[in-house]
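Participant: Next up is a structure, given as structure tokens.
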Amino acid sequence: MNLQKMGRAFACTLTVAGFAAVAHVDAAQAEDCPVTHAALRSALLQADEVDSTGLNNHYWAVVVNRSGTVCAVAYSGPTVGSQWLLSRQIAAAKAFTANGLSLDGAPISTAMLYPWVQGSPSGGNPLFGLAAGNPLDGDAVYDGDYAKFGTPEDPLIGKRVGGTITFGGGLGLYSGNTAVGGLGLSGDTACADHSTAFRTRNRLARTPTNVADKMIFDNTNGHPHCPNDRGTAGVTVPAS
């Protein structure tokens, strides 16, 4: 073999090894998950069935591990097309947001961010523009086989797609008061997303001991109301 062929062979070997290393890392990240796909889908289906808020739509649910890497994706409708496709990436961004801002003993839901990011005549609130600083990775979130969306082989699994969402539907996942990941739900109103996510997290037994991430229903200092939001789970209503 001449030197040129040897060089090509060596480069090919390095490329294959590199791809194998990346695949190994992605697999390890996907396996380090606070829930299984089967548990997530079961909990989501049950939560969707009992929640009567919002528009009575179905949902996408995405879980990230503590590193922010997607490790489980599911949907609650009968087919992959039974819930808004756009909500798949919104759910991923909600999971990433809640995980990224929740600490041990200090959970933060995406619903809690709402009043802090609104603009105002005086120039805005302290976190105004928060979402713009952490965009979703479009190349990663839109890639892959549609037929595999919401399955254990969803193309999102093993990817850290980022994104920031500042309305209801994202919650931190916990083991006691130790943060272990994030859950994002999307497919209905922001209030229904939060309500069903709260029920899903309870069924997954991933609710923090310190449940300090409830939605506050207050149009001035909290999250705004949504259509048909009576009975929303995981809500703190301020005293009148």
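Participant: So, of the residues in segment 97-110 that are of a type in the set (A, V, I, L, M) and more than 14 Å from the chain's Cα centre (by Cα), which turns out to be least open to solvent (accessible area, probe 1.4 Å)?
Facilitator: Narrowing segment 97-110 to residues of a type in the set (A, V, I, L, M): 98, 101, 103, 106, 108.
Now restrict to residues that are more than 14 Å from the chain's Cα centre (by Cα): 103, 106.
Working: L103: 107, A106: 45 Å².
For segment 97-110, the residue satisfying everything is A106.
Participant: Scanning for something in contact (Cβ under 8 Å) with a residue 40 or more places away in the chain, touching an Asp or Glu at 6+ places or on another chain (Cβ under 9 Å) and in a helix (DSSP H, G or I), does segment 179-191 turn up at least one residue?
Facilitator: yes
Participant: For segment 68-96, give me the residue count where each residue is open to solvent by less than 10 Å² (accessible area, probe 1.4 Å) and not in a loop (DSSP other than H, G, I, E, B).
Facilitator: Summing the residues that are open to solvent by less than 10 Å² (accessible area, probe 1.4 Å) and not in a loop (DSSP other than H, G, I, E, B) in segment 68-96 gives 11.
Participant: Inside segment 214-224, can you point out the residues that are open to solvent by 60 Å² or more (accessible area, probe 1.4 Å) and either touching a Lys or Arg at 6+ places or on another chain (Cβ under 7 Å) or at pLDDT below 90 (or both)? So that I can check it myself, show each step before the final result.
Facilitator: So the first thing to find is which residues in segment 214-224 are open to solvent by 60 Å² or more (accessible area, probe 1.4 Å), and the list is 214, 216, 219-221.
Residues satisfying the conditions are N219, T220, N221.
Participant: I'd like the residue in segment 154-201 that is among the acidic types (D, E) and open to solvent by less than 10 Å² (accessible area, probe 1.4 Å) and, out of all such residues, is farthest from G133 (Cα to Cα). Before the answer, list the steps.
Facilitator: Residues of segment 154-201 among the acidic types (D, E): 154, 188, 193.
Remaining after also requiring open to solvent by less than 10 Å² (accessible area, probe 1.4 Å): 154, 193.
Values: D154: 27, D193: 24 Å.
Out of the qualifying residues, it is D154.
Participant: For L113, are the conditions met, namely being in contact (Cβ under 8 Å) with a residue 12 or more places away in the chain and open to solvent by 60 Å² or more (accessible area, probe 1.4 Å)?
Facilitator: When the stated conditions are applied, L113 does not pass them.
Participant: For segment 41-53, does any single residue satisfy the condition of being closer than 21 Å to T166 by Cα and either open to solvent by less than 40 Å² (accessible area, probe 1.4 Å) or part of a loop (DSSP other than H, G, I, E, B) (or both)? I'd like the intermediate steps shown before the answer.
Facilitator: Start the filter on segment 41-53 by keeping residues that are closer than 21 Å to T166 by Cα, which leaves 53.
Of the ones still in play, those that are also either open to solvent by less than 40 Å² (accessible area, probe 1.4 Å) or part of a loop (DSSP other than H, G, I, E, B) (or both) are 53.
Looking through segment 41-53, at least one residue is closer than 21 Å to T166 by Cα and either open to solvent by less than 40 Å² (accessible area, probe 1.4 Å) or part of a loop (DSSP other than H, G, I, E, B) (or both).
Participant: With the condition kept exactly as written, say whether any residue in segment 202-213 is assigned to a loop (DSSP other than H, G, I, E, B), free of Cβ contacts under 8 Å to residues at least 24 places away in the same chain and either open to solvent by 10 Å² or more (accessible area, probe 1.4 Å) or among the charged types (D, E, K, R) (or both).
Facilitator: yes
Okay, residues lined up against (1) in contact with a helix residue (DSSP H, G or I) (Cβ under 8 Å, 6 or more places away or on another chain); (2) part of a helix (DSSP H, G or I); (3) closer than 19 Å to S87 by Cα; (4) at pLDDT 95 or above:
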{"position": "P115", "(1), (2), (3), (4)": "no, yes, no, no"}
{"position": "G119", "(1), (2), (3), (4)": "no, no, no, no"}
{"position": "S122", "(1), (2), (3), (4)": "no, no, no, no"}
{"position": "P126", "(1), (2), (3), (4)": "yes, no, no, no"}
{"position": "A132", "(1), (2), (3), (4)": "no, yes, yes, no"}
{"position": "D139", "(1), (2), (3), (4)": "no, yes, yes, no"}
{"position": "A147", "(1), (2), (3), (4)": "no, yes, yes, yes"}
{"position": "G150", "(1), (2), (3), (4)": "yes, no, yes, yes"}
{"position": "E153", "(1), (2), (3), (4)": "no, no, yes, yes"}
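Participant: For S186, only one of the following conditions fails: (1) among the hydroxyl-bearing types (S, T, Y); (2) touching a helix residue (DSSP H, G or I) at 6+ places or on another chain (Cβ under 7 Å); (3) more than 17 Å from L85 (Cα to Cα). What is its number?
Facilitator: Here S186 clears every test but (3).
The values are calculated or read from the model by the stated rules, or taken from the named source; none is laboratory data. Note that this is a predicted model, so its numbers are computed, not measured. Don't worry about glycine lacking a Cβ; one is built from the backbone with ideal geometry, like all the others, and counts go over all protein chains shown. Note: accessible area is taken over every heavy atom of the protein model, side chains too, but ligands, DNA and RNA are not part of it. Shrake-Rupley method; radii C 1.70, N 1.55, O 1.52, S 1.80 Å.
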